[in-house]
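Colleague: What follows is a structure written as structure tokens; I'll ask about it next.
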Amino acid sequence: MTPNKVNISISGKTVQASEGETIVRALWAAGLGGLVEVGCAGGVCGACTVTLRFSDGRPGGTDLACMRAVEEGMQIFPCPVETQPVPAPQTDPTAEKIRAAFPTLDRCTKCGSCTTACPMSIPVMDSVLRMQSENFEAVAEDFTTCIHCGLCRFVCEDKVKPHHMGMWVRRSLGMSRDSDLLGAGAPPDSFSEKDAEKEWDWLLTADPDERLRRATSFRETGRL
Ligand code: SF4
Ligand code: SF4
Ligand code: FES
């Protein structure tokens, strides 16, 4: 059956699309793929972030163009992709260190827009408050599923950049753990190529619950 046609607009340009297809596919079909950045085309990388509005007055918002299906009257506006370098992570992160790396941390006005915009349901605003109080283990947990779409930064009028801070915390904790392990005398080359192959095979075939259990244990102990 031929799909129904709907009218959408991208940056003010009207395009006819097939009902049910994603925004990205509609733009490709119309020869306008260059208007929205695309990386993974599967909801993982966050390159395709857009803001949406609807002509019938429904509330719009932010979304991923590779995941969101087109609808009649949808107005699409690409979000600029963040290109600024992110401050380097630091071992033994503290509230003082994160404030030095991200002077915008205390600008948060608790508006909640970042939490509302997040397509991964991360409690972004709460996590910013946890960063301020140095509750970094919880922050690392919060940002586990962050796809770096940048929507939380895009909607933040105070330019707080929660996703960059979340990644800084995760990397800083990871670096601290690595240096603890090396300091404890763990040989850095103890993981042979054969072990790595075995690990990959296991990752590709193991039960998802078991993988999660093992990842959690690794985060807590720093050992496989
Ligand atoms: S959008 Fe910005 S100001 Fe609003 S809660 Fe999130 S980080 Fe704070
Ligand atoms: S925390 Fe921000 S960058 Fe990460 S998935 Fe949510 S909106 Fe995107
Ligand atoms: S292209 Fe990667 S999330 Fe859409």
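Colleague: What list of ³J(HN,Hα) values in whole Hz, one per residue of the stretch 206-212 in order, does the Karplus curve 6.51 cos²θ - 1.76 cosθ + 1.60 (θ = phi - 60°) give from phi, with Gly and Pro shown as x?
Modeller: With coefficients 6.51, -1.76 and 1.60, one gets 6, 5, x, 5, 5, 5, 5 Hz.
Colleague: May I pose another question? Answer with one residue from GLN16, PRO87, ALA65: the one whose Cα lies farthest towards the positive end of the charge dipole of the stretch 1-108, charges on Cβ with Lys, Arg +1 and Asp, Glu -1.
Modeller: Farthest towards the positive end: GLN16.
Colleague: Over the stretch 17-127, what relative contact order in percent results from Cα pairs under 8 Å that are six or more residues apart?
Modeller: Values: 131 pairs, mean separation 24.0, N = 111.
It comes to 22 percent, rounded to a whole number.
Colleague: Using Cα-Cα distances under 8 Å and only pairs 6 or more residues apart, what relative contact order does the stretch 5-78 have, in percent? Each step should come with its number before you reach the end.
Modeller: Details: 151 pairs, mean separation 30.2, N = 74.
Relative CO of the stretch 5-78 lands at 41 percent.
Colleague: What number results when the radius of gyration of the chain, computed over Cα atoms, is divided by 2.2 N^0.38 Å?
Modeller: The reported ratio for this selection is 1.22.
Colleague: How do GLU134, GLU96 rank when sorted from fewest to most other Cβ atoms within 10 Å of their own Cβ?
Modeller: Placing the least packed residue first, the sequence is GLU96, GLU134.
Colleague: Determine the relative contact order of the stretch 77-171: mean sequence separation of Cα pairs under 8 Å and six or more apart, normalised by residue count, in whole percent.
Modeller: Averaging sequence separation for qualifying contacts and normalising by length gives 33 percent for the stretch 77-171.
Colleague: What are the ³J(HN,Hα) values, in whole Hz, obtained from phi via the Karplus relation 6.51 cos²θ - 1.76 cosθ + 1.60 with θ = phi - 60°, for each residue of the stretch 112-127 in sequence order, with x given for Gly and Pro?
Modeller: Karplus values, whole Hz, x for Gly and Pro: x, 4, 5, 5, 5, 6, 5, x, 9, 6, 7, x, 4, 4, 4, 5.
Colleague: Scaled to the compact-protein estimate 2.2 N^0.38 Å, what is the alpha-carbon radius of gyration of the stretch 5-78, rounded to two decimal places?
Modeller: With N residues counted in the stretch 5-78, Rg over 2.2 N^0.38 Å equals 0.97.
Colleague: The stretch 1-48: percent of C-alpha pairs farther apart than 16 Å?
Modeller: Numbers: 446 of 1128 pairs.
The share of Cα pairs beyond 16 Å in the stretch 1-48 comes to 40 percent.
Colleague: Go ahead and estimate [θ] at 222 nm for the chain from helices alone: -39,500 (n - 2.57) per DSSP H run with n ≥ 4, summed, over the residue count, rounded to 500.
Modeller: Here the helix-only value at 222 nm equals -11500 deg cm²/dmol.
Colleague: What are the semi-axes of the equivalent ellipsoid of the stretch 82-187, taken as the square roots of 5 times the eigenvalues of the Cα gyration tensor, listed largest first and rounded to whole Å?
Modeller: Semi-axes, largest first: 25, 14, 12 Å.
Colleague: Follow-up. For each of HIS163, HIS148, count neighbouring Cβ atoms within 10 Å of the residue's Cβ, then give the residues from fewest to most.
Modeller: Fewest-to-most Cβ neighbours within 10 Å comes out as HIS148, HIS163.
Colleague: Which percentage, to the nearest 5, of the DSSP beta bridges contained in the chain is antiparallel?
Modeller: The antiparallel proportion sits near 90 percent.
Colleague: In degrees between 0 and 90, to the nearest 10, how far off the longest principal axis of the chain does helix 193-205 point, with axes built from Cα atoms?
Modeller: Around 40 degrees separate the two axes.
Colleague: Moving to a separate point now. Hand me the tally of lysine pairs in the chain: alpha carbons under 24 angstrom apart, and the pair either on different chains or 8 or more positions apart. Let's see the in-between values first.
Modeller: Details: LYS5/LYS13; LYS97/LYS110; LYS97/LYS159; LYS97/LYS161; LYS110/LYS159; LYS110/LYS161.
So the count works out to 6.
Colleague: Please figure out what share of the DSSP beta bridges in the stretch 5-78 is antiparallel and state it in percent, rounded to the nearest 5.
Modeller: Approximately 90 percent, going by the DSSP bridge assignments.
The numbers here are math on the coordinates, done by the rules we state, and not lab data. Given the structure is predicted, the values throughout are model-derived calculations rather than measurements. Quick reminder, even Gly has a Cβ in these numbers, built from the backbone with ideal geometry, and neighbours come from all protein chains shown.
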